[in-house]
Amino acid sequence: MTTFVDLAAWLAAEPADAALKDVVQSVAATCAQISGVVASGALSGSLGAAGSTNVQDEEQKKLDVITNDLLSDALKACGPVAGLASEELEEVEPTGRVGGYLVTFDPLDGSSNIDVNVSVGTIFSVLPAPTDHVPAEADFLQPGRNQVAAGYAVYGPQTMLVLTLSGGVNAFTLSADGQWLLTHPDLSIKPDTAEFAINMSNQRHWADPVRRYIDGCLQGKEGPRAKNFNMRWIASMVADVHRIMMRGGIFMYPWDAREPGKPGKLRLMYEANPMGLVVERAGGRATDGAERILDIQPTKLHQRVPVVLGSANEVEVVRSEMQRG
Ligand code: FDP
């Protein structure tokens, strides 16, 4: 029988500091707990709307609130965490400690899918905290390249944790007895692909470069790309990105004209940055069309950003199309 290394043993061999490993363990343990709550669905009365909205004016599901509380409580109790920020919280929450780490997270990404039993996930990003004061919002506004760890948990047919610290990207599967076991070491994204993910229902609102790129894909072998493309859109970023981590592809949530004043739908600090780091560390690319996602200087906590990520050569095709304008 195959034996798998568990997360604690794997972390012990990682060249990261012990405090960072504690933070990762705390997030991982909470994700295991969240997996149980998500899996129990209607049995625990946790499906449906919470009857409230978050800072982005989005309707909160009961599970958005429950998972946010679980992660917030765990991180506040974790010694090296100086502050946290969540999609579901308007403001950053300092723990009162100085030094260590800041954690940003989307506790339940893709939550519009919960009630129909489609995969959802938790996304997290870890940044260094200031060493001389209790952190405020300005201290969180660091570019994604500063992240010291990032990853996501996907609650699907299997619950998996995909993680990067100092080196590559490794994926762990949650066992029946609650252990994270390393099942997919050193993930790498193929540079070429013939599979794209975008919400096609927004086609009429897209900017010209996005329209040109997708038109080219849809023309298949007879078109400018000279190959047939497949399309997938789960509408759960974690699940769409996870597919790309496993078999390549490109994921796009570009700006569109429905809300022209907003740069896109996805959030930089706890969606695009952590996914950007995971994807880049696996050999892929992540851009907003003009700039590498990880180089964007955030100006506010809940900032939105256009996102194009995945197989390196395909992202480059989109980026050059966007540069043409
Ligand atoms: P959701 O609104 O369900 O939380 O983070 C936002 C997100 O999901 C992503 O997970 C997903 O990729 C995207 O929105 C889906 O948006 P559309 O419903 O516009 O397709």
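The values are calculated or read from the model by the stated rules, or taken from the named source; none is laboratory data. Keep in mind that what you see is a predicted model, and the values were worked out from it rather than measured. Note that we place each Cβ from the backbone using ideal geometry, even for glycine, and neighbour counts take in every protein chain shown.
Every condition in (1) within 13 Å of the ligand (Cβ to nearest atom); (2) in contact (Cβ under 8 Å) with a residue 24 or more places away in the chain holds for Gln203 except the one numbered (2).
Can you work out which of the residues in the stretch 103-139 that are acidic (Asp, Glu) and within 16 Å of the ligand (Cβ to nearest atom) is surrounded by the fewest Cβ atoms within 10 Å (Cβ to Cβ)? Only one residue tops the list, namely Asp115.
For Arg247, the conditions (1) near the ligand (Cβ under 9 Å from one of its atoms); (2) within 19 Å of Glu316 (Cα to Cα); (3) surrounded by fewer than 22 Cβ atoms within 10 Å (Cβ to Cβ) are fulfilled apart from (1). Farther than 23 Å from Ser188 by Cα and either without any contact (Cβ under 8 Å) to a residue 24 or more places away in the chain or assigned by TED's automatic domain parsing to the domain that holds Ser86 (or both): does that describe Arg211? Answer is yes for this residue. The residue of the stretch 250-284 that is farthest from the ligand (Cβ to nearest atom), among those that are in contact with a strand residue (DSSP E or B) (Cβ under 7 Å, 6 or more places away or on another chain) and of a type in the set (Gly, Ala, Ser), is Ala282. Which of the residues spanning the stretch 67-102 are surrounded by fewer than 17 Cβ atoms within 10 Å (Cβ to Cβ) and assigned to a loop (DSSP other than H, G, I, E, B)? Hits for the stretch 67-102 are Ala77, Gly79, Glu90, Glu91, Gly96, Val98, Gly99.
Has the stretch 316-323 got at least one residue that is more than 10 Å from the ligand (Cβ to nearest atom), under 14 Å from the mean Cα position of the chain (by Cα) and not in a loop (DSSP other than H, G, I, E, B)? Checked the stretch 316-323: no residue is more than 10 Å from the ligand (Cβ to nearest atom), under 14 Å from the mean Cα position of the chain (by Cα) and not in a loop (DSSP other than H, G, I, E, B).
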